[in-house]
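In what follows, a structure is listed as structure tokens, so that the remarks can point back to it.
The values are calculated or read from the model by the stated rules, or taken from the named source; none is laboratory data. This one's a predicted model, so the numbers in the text were calculated from it and none came from an experiment. Counting neighbours? That spans all protein chains shown, and the Cβs are built from the backbone with ideal geometry, glycine included. For the accessible areas, the whole protein counts, side chains as well, though only heavy atoms, and no ligand, DNA or RNA atoms are used. Shrake-Rupley method; radii C 1.70, N 1.55, O 1.52, S 1.80 Å.
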Amino acid sequence: MPIKSGPEPSAKQVADEVRRLCGKGLDSLGFAPADLAAVAPVTWRINRLKAEKKAVIPAHVYQRPEVVAGVADFTGDSYALSKRCAEVRAERIVFCGVRFMAETAKILNPAKEVLLPAKDSGCTLADSITASDVRAAKRKYPGVPVVSYINTTAEVKAESDVIVTSANAAKILRLMFEDHKRVLFLPDAWMGSNLARQLGKKPGSELLFWDGKCIVHENFDPAMVALCRRTYPGVKILAHAECNPAFVELVDFVGGTADMLRYVRETDAPYYMLVTECGLGEVARTAMPEKHFIPMCRLCPYMKATTLQSVLQALEDPQPWQKVTVDPAVAEAAKRSIERMFELAES
Ligand code: 13P
Ligand code: SF4
């Protein structure tokens, strides 16, 4: 997509921007002077345009480091991003993340323009289930509450009783089990099994689930755990809750991205291994340069579809396909289930 021309930064403005980016840790992540010199004019233009267009840029922790460090106004896990988006005052939101996250921002801000820069920013979990699948499941299990992961479309959210994220799924399911013998958790099968184990519920009978999988988290190899422990004595291995249960069984900690960062911050170990999308390791390394991180991660092609160029283009000349729309009736029903999450997560 061609970028419209705007004012170019002066040499001094580029040099100041390079310094600012280094202050945010991009040099320590391996950005060479030539990389920084290429990134700085783009981040400079985005930040200038962002102020001019009264826009705010939320970014998920899996986004490219130059997006997180260079242009994001706030970063976080899915829960923190949805909470912050519910309070946004800016006129438009340029969401650096994947479609279900941008849709959530739109549901919470129906009057604002929400832009999703990259076309290919889907999610295999969100694509694994449709609203008609949920309606069929509700017919099959009448009276069983539907708890859906935030990694779902607006239409699926609208059919759900409550939304959860990796940060609050266990707490909200526990609350649901106080009033119900069975709960339907959609759509992540691995996360469903991990949660059933954590809550002491029978998978498939007390905690029912769908067969959605995340392409990033489903394939981590449990055989790697013993090798890593031998190579890095004392290593703490942390896995995202979407990882396969055979892997999760062997690790020191399981949770969402915010829980993983908190665990690292609050413990003292010689090495940490964050088994998830690679962006989290980059956020952790810049936030905690004194700790040692051993890589074992995969890239999410959907998260990485957003580039600085696509953010600049969306701000300069948003295309119709970049404007996130949600049918008002769907948005209203989905908002109820998201707000129920806020209520239960903070109860
Ligand atoms: P978090 O909410 O833990 O950041 O997870 C989002 C996600 O898409 C994980 O793959
Ligand atoms: Fe979806 Fe997996 Fe990518 Fe997260 S990492 S956005 S769950 S495909």
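Take the conditions outside any loop (DSSP other than H, G, I, E, B) and open to solvent by 40 Å² or more (accessible area, probe 1.4 Å) and apply them to Ala167. Does it pass? Taking the combined requirement at face value, the residue does not satisfy it. Residue count for region 194-207, restricted to those that are away from ligand 1 (no atom under 16 Å from the Cβ), surrounded by fewer than 21 Cβ atoms within 10 Å (Cβ to Cβ) and either aliphatic (A, V, I, L, M) or outside any loop (DSSP other than H, G, I, E, B) (or both): 3. One residue stands out in region 211-227 among those that are crowded, with 19+ Cβ neighbours inside 10 Å and outside any loop (DSSP other than H, G, I, E, B): the one that is nearest to ligand 2 (Cβ to nearest atom), namely Gly212. For the condition touching a residue at least 12 places away in the same chain (Cβ under 8 Å), in contact with a Pro (Cβ under 6 Å, 6 or more places away or on another chain) and open to solvent by less than 10 Å² (accessible area, probe 1.4 Å), Leu116 does not qualify.
Away from ligand 2 (no atom under 16 Å from the Cβ) and open to solvent by 10 Å² or more (accessible area, probe 1.4 Å), is that true of Glu103? Answer is no for this residue. Within region 228-257, if we keep just the residues that are within 14 Å of ligand 2 (Cβ to nearest atom) and in contact (Cβ under 8 Å) with a residue 60 or more places away in the chain, the residue that is farthest from Pro203 (Cα to Cα) turns out to be Thr257. Inspection of region 100-110 identifies at least one residue that is touching a residue at least 12 places away in the same chain (Cβ under 8 Å), of a type in the set (D, E, K, R) and closer than 16 Å to Val324 by Cβ.
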